[in-house]
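Read through the structure below, which is laid out as structure tokens, and then see the notes.
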Amino acid sequence: PTTVGTATISATVGGAAIAQTASVQLLPGQVSVSRSTVAASDLVVRADGSSKASIFVKLKDDYDHPLAGKRVMLQATGGRSVIDQVYGLTDQDGLVTFAVSNTAAENVTYFAKDEASGLALDQTVSITFTYDQPPNIKLQAGPVTPTFGSVTVTVTASVYGQFNRVSSIKWAAGSRAVTYFDKQGTEIADHRFTVQENGMYSVFVADTAGNANVSLIEVKNIVPMSGNADLAGWQLAGLGGTVKFDFNPGIANYTVDVSHAVYGLKMTLIPSDVYSAVYVNGSQVTGNGMTSEYSLVTGKNTFEVKVKAQNGSVKTYTLSVIRSAASTDSGSGGSDSGSDSSSGSTSPSSAANPPSQPAPSNSLAIWINDKKVSGIATLQVDANGAKSVEAVLDADTLKKVLDSLSAAAKTNLAVSIEDEAGKVTLRIPGKAVTLLAEKADALTLKTRQGQYRLPLAELTRKESDWTNDAEVQLTIELDKGKAISGLRDAANKGGFQLAADPVHFTVQVVRHGEKREISGFSRYVERILYLPKDSAGKASTVVVWDGKLGARPVPTKFTKVDGQQAAVIHSLTNSAYVPVSKTSNLTDIQGHWAAAEIGGMNSQMIVDGVDESRFAPEAEITRAELAALLARAMGLPKAGDQAGFPDVSETSWYSGAVAAVKAYGIMDGLGEGTFGPDRKVSRQEAIVTLVRALRLADADSAASHGAGQADLTVYADRDQIGGWASDAIRTAIDAGLVNGYGNELRPQKSLTRAETAVLIYRMLLQAGFIDG
């Protein structure tokens, strides 16, 4: 056995169990000098006699069982260092901690011995004591709970001295000394690195004053991924008749014969491992749930089912469904109609429709959640061959669908129109709007171009009287011509390239034949643009295009949606949206600690340089620059040029941004009624604006409900925090937007352009508006 604990031993004779059993206590083994570890909190310590490093000794046996209650002795190979307590007793995790300090500048190597056996552990740790103050390093791993994936280690580094800066951050696997990183180690550009395996990792930080430090972190929560690619269950449901199918987990290939009355089928595929992915003919389906309908043609229909395990291994199953030909007998007594619940026959061209309900040639079936609905959508083709779809979601159809759903809580209703069309319009009569608002929180329109998720409160907030003389029209339309010319000119001037055609999202209220567009919303509304295959990976952000106001960026997150590369957009307005590509050409951020965040947000059109090639990262930011940054980061629509401050001219480059951040409650004026566009911004001022922006981004987040819980008394300069800023600072600390400088917050310190860019980057990540 290799597991510590109590084992029960029993025996049988001739198949009969002996009544008496015996219990055996399985204990850890002896100390393993090779498996036990020695590590330190810091590998460089100031030689002032009071600064200390912690040395962690963990005793294990040959199977990594911790050894508790063992007396351990720590020794140094030489030097003048002081070990506070030479002996220590291991705790239940086999861990004992020692503290060491020094008044001499020297390198000291420490080793540990198990007192009982006298064995010295193989691992040692060397600490450099220096009269200079090394960089301070804080490491945070995430997630901390067991995970099948990777673990990201976030590095927070601070240096001593007003004009000192971090010059290099590296990491390496294993416990490494400072000198190791002279020629080795991997540079970290964005203050974080990701590991795939458990173990000890070293992080090296150097500053411009020539000081360096190494800190260690142990990752031990990565769980190996499963290689189980088996199916545990496979069921078939016939449409138009029954399908006999017996699944055996040990058999991979099947052939099933069905009558002609069976015009389609659905599958339920249950993977043995809950983390496996299941695909049917290349498209992913939901495990443990019923798939959508698969139409059957007369003759052989082949289905290839692949199960992909967590570790990437794949197992393939095949199913051949042989659908018999239609009966040649006349009347209703044909061979295909005798015992089947769906009598009659269907020709191959209409196999996807039940035989008793042939669909009109221009009628389409759509999906409302997982319910297939026919007869409410039509396809139109104009003289130029352009296709459009119009669906009417009337109250009767809506009630039938809602009645079939769970009534436990409000739901999100999704209307999916899968047919190819350049324009899709969903019409909802007034009575259906009222019913929808009572039963659902949001309505999502899904098309080939993308998705539009509309919170229904945005409709009821603007209109209260919904009768059948009014209706709502939601439209998603691909624009291949109307906006292109002006947009191309804007792209050339703005230094970006179009990565796909624009897509229009509109909401209109039609009453007595008059249309009124709802162009703005009180909260962010989510839209999704599916990216063409040739532009996936090229687009860096999405812009809103308006022929009069031009292009402005909107918060964009790139991810996969329904198996397709997509841009997830959050915006406060309707308009035309287009994926674009922009390459950062800022030359003065190379090697800067914030280069990754600045360069990324420059390509996302959030941050601009002071000229075409310079960002000036260490310049102190002004209130006008902060307003412009926040307006672009949040995708705020133009609120006019009248900012309402005497010191903000209508002709100034920042007037529109100041008006926007004021209109949305992100920034206020100063006490004397002015805005102070050239005034420098303190940390606490910036934090207040960022928390306001975060609350605007997500009205349901923790940041929107009261003050944070962070304890400000742990910071030595807490008395410098303004009363007007304390709640926001607590919220920002809780949300991970800001970190202190050791035991200081420095609330009145002026922010640089680089520090501001990083704070906005963290805020957008926290809001889920961008991908990291």
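Values as computed for the structure displayed
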{"read-out": "FRET E, pair F148, I251, Förster distance 25 Å, beta-carbon r, rounded to 0.05", "value": "0.30"}
{"read-out": "Residue-wise HN-Hα coupling along region 180-189, computed from phi with Karplus coefficients 6.51, -1.76, 1.60 (Hz; x: Gly, Pro)", "value": "4, 7, 4, 10, 10, x, 9, 5, 10, 9"}
{"read-out": "Distance from region 574-622 to region 264-285 (C-alpha centre basis), Å", "value": "43 Å"}
{"read-out": "Added length on full extension, which subtracts the Cα-Cα distance from 0.36 nm per residue, S320 to T77", "value": "80.1 nm"}
{"read-out": "Simple label model, 7 Å out from Cα along Cβ direction - T186 to E744, nm", "value": "3.4 nm"}
{"read-out": "Ordering of 581-591, 144-154 by packing [mean C-beta count within 10 Å, highest first]", "value": "581-591, 144-154"}
{"read-out": "Only Lys, Arg (+1) and Asp, Glu (-1) charged, at Cβ; region 611-753 dipole about Cα centre in debye", "value": "120 debye"}
{"read-out": "Charge dipole magnitude, Cβ of K and R +1, D and E -1 - the chain, Cα centre, debye nearest 20", "value": "400 debye"}
{"read-out": "Gained length - T268 relative to A17, 0.36 nm times residue gap less alpha-carbon distance", "value": "86.1 nm"}
{"read-out": "For region 134-223: relative contact order, % (alpha-carbon pairs under 8 angstrom, 6 or more apart)", "value": "37 percent"}
{"read-out": "Distance between modelled label sites at T291 and T6, nm, 7 Å Cα→Cβ extension", "value": "5.1 nm"}
{"read-out": "Ordering of 114-126, 379-391 by packing [mean C-beta count within 10 Å, highest first]", "value": "114-126, 379-391"}
{"read-out": "Reach of K300 by Cα under 20 Å, taken over aspartates and glutamates that are not fewer than 8 positions away in the same chain", "value": "D246, D257, D336"}
{"read-out": "Whole-angstrom gap from region 492-545 to region 1-36, using each part's C-alpha centre", "value": "66 Å"}
{"read-out": "Using alpha-carbon coordinates, inclination of helix 753-767 to the longest axis of the chain, degrees", "value": "50 degrees"}
{"read-out": "Order of H191, H512 - criterion: other Cβ atoms within 10 Å of each residue's Cβ, fewest first", "value": "H512, H191"}
{"read-out": "Calculated FRET efficiency for the pair T97/A616, C-beta based, R₀ 30 Å, to 0.05", "value": "0.05"}
{"read-out": "Globularity index of region 616-767, i.e. its alpha-carbon radius of gyration over 2.2 N^0.38 Å", "value": "1.01"}
{"read-out": "The chain, helix-only ellipticity at 222 nm - DSSP H runs n ≥ 4, -39,500 (n - 2.57), divided by all residues, nearest 500", "value": "-4000 deg cm²/dmol"}
{"read-out": "The chain - Rg (one decimal) and Dmax (whole number), Cα, Å", "value": "33.1, 106"}
{"read-out": "In degrees, nearest ten, helix 683-697 long axis to first principal axis of the chain (Cα)", "value": "20 degrees"}
{"read-out": "Sites A663 and K220, calculated FRET efficiency, Cβ-Cβ separation with R0 41 Å, nearest 0.05", "value": "0.25"}
{"read-out": "Likely footprinting exposure, E672, E625, E438, fewest C-beta neighbours within 10 Å first", "value": "E672, E438, E625"}
{"read-out": "Relative contact order of the chain, defined on C-alpha pairs under 8 angstrom at six or more residues apart (%)", "value": "6 percent"}
{"read-out": "Residue exposure sequence - Y275, Y452, Y110, Y180 - by fewest surrounding Cβ within 10 Å", "value": "Y275, Y180, Y110, Y452"}
{"read-out": "Contour excess over end-to-end distance, with Cα ends at S283 and R488 and 0.36 nm allotted per residue", "value": "70.2 nm"}
{"read-out": "Simple spin-label estimate for Q380 and T587 in nanometres, 7 Å along Cα-Cβ", "value": "5.6 nm"}
{"read-out": "In degrees, nearest ten, helix 623-633 long axis to first principal axis of the chain (Cα)", "value": "50 degrees"}
{"read-out": "Region 231-331: relative contact order in percent, alpha carbon pairs under 8 Å with at least 6 residues between", "value": "29 percent"}
{"read-out": "Top positive-direction residue, dipole computed over region 32-131 with Cβ charges, set G78, V38, A112", "value": "G78"}
{"read-out": "Charge dipole of region 560-616 about the Cα centre (unit charges at C-beta), most positive-ward option of V561, V610, Y577", "value": "V561"}
{"read-out": "Ranked by how many other beta carbons lie within 10 Å on average, peptides 678-684, 425-431 from highest", "value": "425-431, 678-684"}
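Every number here is computed from the coordinates shown, using simple stated rules; none is lab data. Since the structure is predicted, the reported quantities are computational estimates derived from the model, not experimental observations. Reconstructed Cβ throughout: ideal geometry from the backbone, glycine too, with neighbour counts over all protein chains shown.
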